[in-house]
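After the structure tokens below, expect a handful of questions from me.
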Amino acid sequence: MPSTPTPTILSFEKARHLVEEHAATLHPRGKELVELLDSPGQILAEPVFADRNFPPFPRATRDGYAVRAADLKTLPATLVVIAEIKAGATENASLKIEPGEAAAIMTGAPAPPGCDAVVMVEYTSRDGDRVTITKSIAAGNNIVPVASEAKRGERLLSPGVRLDHATIAVAASAGRSRLLVYSKPRVAVLATGDELVDIDVPLAANQIRNSNTYSLAVQIQSAGGEPVLLPIAPDEPERLHELIADGFDADLLLLSGGVSMGKYDLVEQVLAQFQAEFFFTGAQIQPGRPVVFGRIPWGTGTPARGGASAPSGHKYFFGLPGNPVSTMVTFELFARPLLEALAGMTPRKLVFLHAKLKSEINTKTGLKRFLPAILSGEFEQAEVELLRWQGSGDIAATAKANCYIVIPPDRERFAPGEWVPILML
Ligand code: AMP
Ligand code: MG
């Protein structure tokens, strides 16, 4: 039997970059057409082009009067109101603003030829067909020129973007009621551990409910994948082997538990039976130090069984440490970018924000730490503090967190008021 791989423990950044490099070689499985309102969270698989100029006419951005700016050099200026133009009005071909003239105009209406600015109604007073204006204006003000946002035929959205309210609004404005999106990758979830039981069965004092399958299923969905939940695997090589083989039928396999140094941590050893290549078997982080990343050969004449073919010639897996918070954090740090690549999403870097620390932090050096925290305050006064927790098994505390404070491996202490990096959930 192949034995456990030689340990490869990487810094957080090296491990993350390695995952990103592999992710960059992956492709989604296929494409499908979906209704616009079924598309949020999916990844766009086609470009969306402007079907007309944006805006299609010079658009007034204020209620007021369309004028020639040159007419307002001496103030107050009185102009003759020759028309009223509301949004949706059909074009009046003969309408042109001549010197000394103005047209009443509403927000969103086409500014007529001859005018070059719109004066806000607040700076005007109307008397019959005359308007008196008390404020000068620069040419171009309060008019968005035709095609200045996008020219007809210009690309508005690119493949790889995750569809959200704003991108869906762009598609809607380009007249697209359906969009081509990438098919969701199937991600197998395999929780391992003799102590684990399903959540809806009676359990003994020494048993633990399997929560990781559920947190992972939700994280997979939020990263654009479709979870495939496998039964709990015991810490026993034959059954574990069978279930791992089932897991490789999916596009990506996520295991939880069984990757530490214990006698019954068998995941790596069993993966080695599939001719696994291990890229790392640990990262200098907390929680989640024993995280494992690798792949097995897959395709014509390669192991396991039939099932879907992987265009890359490989199937990837992550062995996520079983402590519930470690599972959640290592998914976000390492599994998410690979899954997003399989989902067709344009790769993005992990970016940490900074927030002002509310109360002191003391910790040990040596690992990069991602500690559950609460970001609070109001408006521009955001502040962050650590949650009190009992370590990476403490899901109850973590469920109260809304971010993680990121502690670099060389820092022991942070004082209140310092700016600390945070990772948003
Ligand atoms: P392991 O990584 O297998 O050493 O497990 C570490 C800790 O996480 C142990 O306390 C396990 O009982 C717990 N654990 C492992 N898997 C799960 C799971 N699927 N759901 C909840 N807790 C788990
Ligand atoms: Mg275990």
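Looking at the stretch 35-123, which GluC sites (Glu not before Pro) are DSSP coil and have at most 13 other C-beta atoms within 10 Å of their C-beta? Walk me through the numbers on the way to the answer.
On the way: sites: E35, E84, E91, E101, E122; in loops: E91.
Answer in residue order: E91.
Mind checking which lysines have their Cα closer than 30 Å to the Cα of K368? Skip sequence neighbours fewer than 8 apart in that chain.
Those lysines meeting the cut-off are K14, K263, K315, K349, K356, K358, K400.
Now, a different point. When averaged across all projection directions, what area in nm² does the alpha-carbon convex hull of the stretch 134-279 cover? Working shown, then result.
Values: hull surface 71.1 nm².
Mean orientational projected area (the stretch 134-279, Cα hull): 17.8 nm².
Compute the acute angle (0 to 90°) between the alpha-carbon long axis of helix 212-222 and the principal axis of greatest extent of the alpha-carbon atoms of the chain; round to the nearest 10°.
Around 30 degrees separate the two axes.
Checking the cross-link filter: which lysines have an alpha carbon closer than 18 Å to that of K31, excluding same-chain neighbours under 8 positions apart?
K184
I need the semi-axes of the equivalent ellipsoid of the chain: take the C-alpha gyration tensor, multiply each eigenvalue by 5, square-root it, list largest first in whole angstrom. Don't skip to the answer; put the middle values down first.
Numbers: eigenvalues 686, 152, 58 Å².
Equivalent ellipsoid semi-axes, largest first: 59, 28, 17 Å.
Also, I was wondering about something else. Excluding residues fewer than 8 places away in the same chain, name every one of the lysines whose C-alpha is closer than 18 Å to that of K96.
K86
Separate question: In deg cm²/dmol, rounded to 500, what helix-only [θ] at 222 nm does the chain give when every DSSP H run of at least 4 residues adds -39500 (n - 2.57) and the total is split over its residues? Provide the component values of the computation, followed by the final result.
Numbers: 8 runs with 67 residues, N = 425.
Rounded to the nearest 500, it is -4500 deg cm²/dmol.
At 0.36 nm per residue, and after removing the present C-alpha to C-alpha distance, how many nm does the segment from E360 to E13 gain when stretched out fully?
Numbers: separation 347, 0.36 × 347 = 124.92 nm, distance 2.56 nm.
Separation in residues times 0.36 nm, less the Cα-Cα distance, equals 122.4 nm.
Kindly express, to the nearest 10 degrees and within the range 0 to 90, the angle between helix 237-247's C-alpha long axis and the longest C-alpha principal axis of the chain.
The answer is roughly 20 degrees.
Roughly to the nearest percent, how much of the accessible area of the chain is carbon and sulfur, given a 1.4 Å probe? Can you show the working numbers first?
Numbers: 10910 of 20790 Å².
Roughly 52 percent, rounded to a whole number.
Per-residue HN-Hα couplings for the stretch 106-113, Karplus 6.51 cos²θ - 1.76 cosθ + 1.60 at θ = phi - 60°, whole Hz, x for Gly and Pro?
Each residue of the stretch 106-113 in turn: 10, 3, x, 8, x, 6, x, x Hz.
Still on this structure, I have one more. So if each residue of separation counts as 0.36 nm, and I subtract the Cα-Cα distance between K151 and T78, what length gain in nm does that give? Mind dumping the intermediate values first?
On the way: separation 73, 0.36 × 73 = 26.28 nm, distance 3.67 nm.
Taking K151 through T78 to full extension adds about 22.6 nm, to one decimal.
Could I ask something else about it? Between A399 and L37, what's the calculated FRET efficiency when r is the beta-carbon distance and R0 is 22 Å? Round to 0.05.
0.10
Excluding ligands, DNA and RNA, what is the solvent-accessible area per residue of the chain at a probe of 1.4 Å, expressed in Å²? Could you put the intermediate results ahead of the total?
Values: 20790 Å² over 425 residues.
The answer is 49 Å² per residue.
Kindly express, to the nearest 10 degrees and within the range 0 to 90, the angle between helix 12-23's C-alpha long axis and the longest C-alpha principal axis of the chain.
80
Could I ask something else about it? Using each residue's phi in the stretch 366-375, evaluate 6.51 cos²θ - 1.76 cosθ + 1.60 at θ = phi - 60° and report the 3J(HN,Hα) Karplus result to the nearest Hz, with x for Gly and Pro.
x, 10, 7, 10, 10, 10, x, 8, 10, 9
Now for a different question. Starting from the Cα of D51, step 7 Å along the direction of its Cβ; do the same at V197; then give the gap between the two resulting points in nm.
Modelled inter-label distance: 5.8 nm.
Give the shape of the stretch 223-350 as rounded, prolate or oblate, defined through the alpha-carbon gyration tensor: a ≥ b ≥ c are the square roots of its eigenvalues, a/c under 1.5 means rounded, and otherwise the shape is prolate if a/b is larger than b/c and oblate if not. Mind dumping the intermediate values first?
On the way: a/c = 1.63, a/b = 1.02, b/c = 1.59.
Oblate is the answer for the stretch 223-350, as a/c is 1.5 or above yet b/c matches or exceeds a/b.
Work out, step by step, the length gained on full extension between S177 and L350: first 0.36 nm times the residue separation, then minus their alpha carbon distance; give nm to one decimal.
Details: separation 173, 0.36 × 173 = 62.28 nm, distance 3.26 nm.
Residue separation times 0.36 nm, minus the Cα-Cα distance, leaves 59.0 nm.
Along the stretch 257-266, what does the Karplus equation 6.51 cos²θ - 1.76 cosθ + 1.60 (θ = phi - 60°) give for ³J(HN,Hα), rounded to whole Hz, x for Gly and Pro?
Coupling constants for the stretch 257-266: x, x, 10, 7, 8, x, 4, 9, 8, 9 Hz.
As an exercise, identify the chymotrypsin sites (Phe, Trp or Tyr not before Pro) in the stretch 335-386 lying in DSSP coil whose Cβ has no more than 11 other Cβ atoms within 10 Å.
On the way: sites: F352, F370, F379; in loops: F352, F379.
Loop-located and lightly packed - F379.
Oh, and also: Among N210, N92, N323, determine the one that fluctuates most according to a GNM of the chain built with springs between C-alpha atoms less than 10 Å apart.
In this elastic network of the chain, the residue with the biggest mean-square fluctuation among N210, N92, N323 is N92.
The values are calculated or read from the model by the stated rules, or taken from the named source; none is laboratory data. Every value quoted in this text rests on a predicted model; they were computed, and no experiment measured them. For neighbour counting, all protein chains shown are included, and Cβ atoms are generated from backbone atoms with ideal geometry for every residue, glycine included. The accessibility values were calculated without ligands, DNA or RNA, using every heavy atom of the protein model including side chains. Shrake-Rupley method; radii C 1.70, N 1.55, O 1.52, S 1.80 Å.
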